[in-house]
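What follows is a short report on a single structure.
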Amino acid sequence: MDAARSLFLRNGYSGTSMDEIAALAAVSKQTVYKNFIDKERLFIEIITADIAQAQTQTQTNVQALASSDDIAADLRDFARRHITIVLQPHLVQMRRVIIAVADRFPDLATTWYASGPGRAHTTLATQFEELTRRGLLRTPDPLLAAQHFNWLVLSIPLNQLMFSPEEFTQAQFEHYADEGVRVFLAAYGT
């Protein structure tokens, strides 16, 4: 999978062959096919593994929000971690690759969205619902609030990274995270 990930990120989906994957992994092509039915299945496995790793990194932080006593500080802490995890260079590159093949493999794009942003929004919405119940937020539509939060934090740097190899400093990420939280609380705070 590491060999395939490396090639997919460098060459894109269409520009990567199973022969190249086998050669880089130093295994036979039969071994690759024995473990993965085809290139699409291998690509899906890589996507879901990358998403699972990112979710594991953020899950504890998301769940901790429900018991927050300082919603502004805790949302800022979560947003700063979230932006750093989601905008890791290999995840941004993987997003580019998936977008490039979305018309050809719509199930692949659906898998990425459902397993990544879709699941993250649902998990965050559950926490926002609890925070609303506790009187710390006002989210009549917790799922929409979660989507707003995510895009307030991520949209500017993500859009720039999708189209250029620009690198952001940690201070820049923190600025986007903090401002996203400030605007979110202006709309959804109590």
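The values are calculated or read from the model by the stated rules, or taken from the named source; none is laboratory data. For clarity, every value in this text was computed on a predicted model and none was experimentally measured. Positions of Cβ are backbone-derived with ideal geometry, glycine not excepted, and every protein chain shown enters the neighbour counts. These area figures cover heavy atoms from the full protein model, side chains too; ligands, DNA and RNA do not enter into them. Shrake-Rupley method; radii C 1.70, N 1.55, O 1.52, S 1.80 Å.
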inquiry  = Please report the equivalent ellipsoid semi-axes of segment 1-73, computed as sqrt(5 x eigenvalue) of the Cα gyration tensor, largest first, in whole Å.
reply    = 37, 12, 9
note = Expressed to two decimals, the chain has a Cα Rg over Rh, using the Kirkwood radius, of 1.04
message = So if I average 1/r over every pair of distinct C-alpha atoms in segment 147-190 and take the inverse, what Kirkwood radius in Å does that give?
response = 11.0
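On average, how much accessible surface per residue is there in segment 140-186, in Å², for a 1.4 Å probe, leaving out ligands, DNA and RNA? List each step's numbers first, then the result.
Working: 2620 Å² over 47 residues.
For segment 140-186, the solvent-accessible area averages 56 Å² per residue.
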request  = Scan segment 96-190 for GluC sites (Glu not before Pro) in coil per DSSP, keeping those whose Cβ has at most 15 other Cβ atoms within 10 Å, and list them by number.
outcome  = E166, E167
remark   = Counting only protein heavy atoms and rolling a 1.4 Å probe, one gets per residue an accessible area for segment 4-92 in Å² of 50
query = How much length is gained on full extension from Q59 to S28, taking 0.36 nm per residue of separation minus their Cα-Cα distance?
reply = 7.4 nm
inquiry  = Give me the percent of accessible area attributable to carbon and sulfur for the chain, probe 1.4 angstrom.
reply    = 53
Where a label projected 7 Å from the Cα of S67 along Cα→Cβ would reach, residues of segment 125-145 with amide N under 20 Å = 125-137
inquiry  = At 24 angstrom or more along the helix axis (alpha-carbon based) and mean Kyte-Doolittle of 0.5 or higher, what helices does the chain contain? Whole DSSP H runs only.
reply    = 142-163
key: Rounded D (µm²/s) - segment 112-159, Kirkwood Rh over Cα pairs, Stokes-Einstein at 37 °C, 0.692 mPa s   = 297
